[in-house]
Ligand code: XMP
């Protein structure tokens, strides 16, 4: 049985980051909302509990607090920032608004280098971000570190394994943060660092076999990271009883269908049914210019095609989907008071009218863990490291009406962009880099002749998660080269512009 750490979420922006850090220490963890019923928590049987930060003040009327029953479980607890204030407040100490908000790096002096703060030396840097502070400790608690502004920057119970820190060990600005978390996990909680992707694969393969029995599984393969790794993992478990359907909607990048089919069918030996439905999608999109309408049409067509193919293939009990842990957290609103609203749902998701049991083998994993699983299962890096590609594909990059001719122009330009970003080594540093075809024409001159042709927009952004993004500072020489190549090589384009807007207020895609 794997050791599990429970993270109770009080709504911090960095709760997921805590989870990732814990997993990096090779310990499995799950996030639950701070108000989760004690039965649910007990069922998880955690080796230790981490209380996240959060935006509230403990003395607010509706402040999220902790059920005392959680402390009665007698498991080690680490409160982080707001989590520390919750512990202080509940156990009889005093929390109050600080004179001014403390934000940024602070020098942390270690007063007790045993357990939690072992191996940190006498002084280190800690990242602070709080408006309230602990004024007096609950009885039987003692300070184990301080900063110039905070006499209680870290504290512990003198007898029980209860700890709290005012700063954020999970962010990179706390350089020894990883050591602190590891101390908590391994020394205080006694967890074994056995959570590896190899162990995940073994366990998952067994579970899939058990769940699926002798049935067959259907999977919509898009060629993206999540569906690729899902398919490969399920194939590892049940072999040819997995059937993948790859729908070519005519809105894909150049060579995409061929390369996905080649990789999965020829190299990895999966059963892949490739359906060329491009005419059907293009027909449905005729005359449509509104982006949201395009999305709806493409989603509906996808479900139609997928259902038809599934019917031809006979009865399936299971549908495999590449749901990841961040999707699970968002859809269950596990996140506390700061829940974020997801703006996009993958086109190519669950056909709502079909009755399937869902198989979601990656639902406990973060994206970087999924990539590691994929690597262990021999999926090529070109697939694992590829930029995200929207479900509606190039339909939202051909601005205005989508036609075969305009798609072909964009595909040619986009191929040059990708090629140059890869050749210059910039590709890996970008969240996304692509071309869009604008719905305007501009005047140019080629040789002695006047031209009146299309404009291509170049978009390249850096981002952590796609929720916010900054335009990438691509070297001018590379921009120049891409522009020259597109104008020289792509018939019908006489101008290239570079998009220098960030998200927000712009979005990454143009539609
Ligand atoms: P925006 O344009 O909203 O995009 O800044 C954020 C991220 O989501 C991708 N995106 C989509 N993905 N279906 C998808 O599966 C969609 O309709 C869709 N629209 C945008 C976009 O490529 C970026 O990574």
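Kindly indicate whether residue 454 is over 25 Å from residue 381 (Cβ atoms) and either within 16 Å of the ligand (Cβ to nearest atom) or surrounded by fewer than 13 Cβ atoms within 10 Å (Cβ to Cβ) (or both).
When the stated conditions are applied, residue 454 does not pass them.
Mind checking which residues of segment 242-263 are free of Cβ contacts under 8 Å to residues at least 40 places away in the same chain, touching a helix residue (DSSP H, G or I) at 6+ places or on another chain (Cβ under 7 Å) and surrounded by fewer than 21 Cβ atoms within 10 Å (Cβ to Cβ)?
248
Count, please, the residues in segment 491-511 that happen to be away from the ligand (no atom under 15 Å from the Cβ) and under 28 Å from residue 450 (Cα atoms). Lay out the reasoning, then the answer.
Step one: filter segment 491-511 for residues away from the ligand (no atom under 15 Å from the Cβ), giving 491-498, 500.
Going one step further and asking which of them are under 28 Å from residue 450 (Cα atoms), we end up with 491-498.
Selection size over segment 491-511: 8.
Which ranges mark the strands (runs of 3 or more DSSP E) fully within segment 134-180 that have 2 or more residues being within 15 Å of residue 51 (Cα to Cα) and modelled with pLDDT of 95 or more?
Numbers: elements: 141-146, 154-157, 162-165.
Hits in segment 134-180: 154-157, 162-165.
Can you give me the number of residues within segment 368-385 that are surrounded by fewer than 16 Cβ atoms within 10 Å (Cβ to Cβ) and either outside any loop (DSSP other than H, G, I, E, B) or within 16 Å of the ligand (Cβ to nearest atom) (or both)?
Matching residues across segment 368-385 total 5.
Suppose the filter is exposed (fewer than 14 other Cβ atoms within 10 Å of the Cβ), at pLDDT 95 or above and farther than 18 Å from residue 510 by Cα; does residue 357 pass it?
no
The values are calculated or read from the model by the stated rules, or taken from the named source; none is laboratory data. All values derive from a computational prediction rather than experimental measurement. Ideal geometry is used to build each Cβ from the backbone, glycine not excepted, and the neighbour counts take in all protein chains shown.
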